[in-house]
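In what follows, a single structure is set out as structure tokens and then discussed.
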Amino acid sequence: MANDPIVGFPAPLGAPPVYEQPEPPRESSAPPEPHRPRVWLHVTLFGLTVLSMQVTAMNLNGAAPGNWIVGYAAYQAVSLIGILLVHELGHYIAARLHRVPASPPYFLPLPLIGLFGTLGAVITMNGRIRSRKALLDIGAAGPIAGMVVALPVLYFGLCMSEVGPRSTGHYIQEGQSILYWAMKRLVFGPIGPDQDVQLHPMAFAGWGGLFLTMINLLPWGQLDGGHIAFALFGKRQHHFARWFRRALLLAFAYNVYLFVVPVLRGQSSQSLWEAAMNAMFWLVWYGITGAMASLSGEEHPPFEPGPLGRGRQLVAIGCLVLFVLLFLPTPVAAY
């Protein structure tokens with residue numbers, strides 16, 4: 001079973017992580033030496049990802065007036081790449097503080113596909129995380145750091161957004177988490193049932209930051225949430241993770257009821273294909289978690305014995321509560 005973790009910020013439909021082969025056992029108890037970073041590769045991938053996100057944002061915001069489209073889309077691209085970068089630096093700095101060899105972030109461009117123009121970013125670590133405290137700190141540092149940026153980005157983006165009549169044409173509806181709803185309520189107050197927020201690109205980037213943080217906090221496998229839950233619960237997390245993965249099928253069934261059933265009953269103007277695509281997200285993630293299990297095993301690699309401490313327990317519980325506040329039953333839907 002491979003146990004070299006990849007920690008990162010995968011986009012919702014990103015490929016499952018690919019794990020490095022474990023090194024032969026070492027006679028010394030000293031931590032393994034980190035791979036020599038290929039600076040040119042990290043810089044090139046970062047530049048290509050920024051370009052990819054800008055092009056994708058320009059495509060999504062094509063209705064912006066004339067020459068303003070480049071700058072208008074840059075609100076989205078720059079804001080979201082900032083959230084991604086700070087998230088990854090959170091992992092990287094925590095790993096280095098615990099003397100866990102870690103690579104700089106690898107950013108993954110994906111132009112004109114999806115909503116963001118990227119598959120996210122990952123850092124690789126040469127060897128499994130043996131300390132329980134380090135496992136929690138490294139797993140939690142990314143989502144916490146990313147949220148420190150995502151929340152102000154969302155707030156100021158909403159301040160530049162407007163409330164208008166709910167669209168009746170072709171549009172994309174972003175998912176509504178508890179935290180996202182609370183932020184809109186803070187900025188706009190009550191919003192009528194026939195109204196919706198017309199998101200400024202910076203607000204959309206802030207929503208994207210919440211969305212991607214939610215994906216990372218899924219309490220499964222070697223995602224950030226899996227690291228955090230395993231550090232908190234130990235081997236009991238293996239049982240919880242199996243039930244959580246099955247619950248993804250319930251979320252899929254909920255969206256089938258929400259989108260596909262009305263089409264079959266003749267109560268929706270959507271095509272069956274459109275309705276099915278709206279319902280597929282959590283089924284796709286059920287498949288991704290299965291692929292991750294086949295690559296690295298279903299159970300999390302063990303850590304060395306040791307107490308977690310009250311402060312770190314509160315951090316772990318806070319991260320799991322944050323996942324609940326960010327959870328999107330329907331992440332995104334096209335109408």
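None of the figures in this text is laboratory data; all of them are computed from the coordinates on show. Because the structure is a prediction, the values reported are computed rather than measured. All Cβ positions, glycine included, derive from the backbone under ideal geometry; neighbour counts span all protein chains shown.
Quick notes on this structure:
- Sorted largest first, the principal axis extents computed over the alpha-carbon atoms of the stretch 219-335 equal 59, 29, 18 Å.
- When you restrict to C-alpha pairs under 8 Å that are six or more residues apart and normalise by the size of the stretch 199-267, the relative contact order lands at 16 percent.
- For the stretch 35-163, the relative contact order works out to 30 percent when only alpha carbon pairs closer than 8 Å and six or more residues apart are counted.
- With the alpha-carbon atoms of the chain aligned to their principal axes, the span from lowest to highest coordinate is 66, 45, 36 Å, starting with the largest.
- Separation of the stretch 187-240 from the stretch 303-335 is 9 Å, based on Cα centroids.
- Highest mean first, the peptides 134-140, 254-260, 289-295 sorted by other C-beta atoms within 10 Å per residue fall in the order 134-140, 254-260, 289-295.
- For the stretch 107-222, convex hull of alpha carbons as volume per residue, Å³: 132
- Kyte-Doolittle mean at least -1.0 and Cα axial length at least 18 Å: DSSP H helices in the chain: 39-60, 69-97, 132-159, 201-216, 236-255, 281-296, 310-326
- Label point at Gln313 placed 7 Å out along Cα→Cβ; residues across the stretch 128-162 whose backbone nitrogen lies under 18 Å: 132-137
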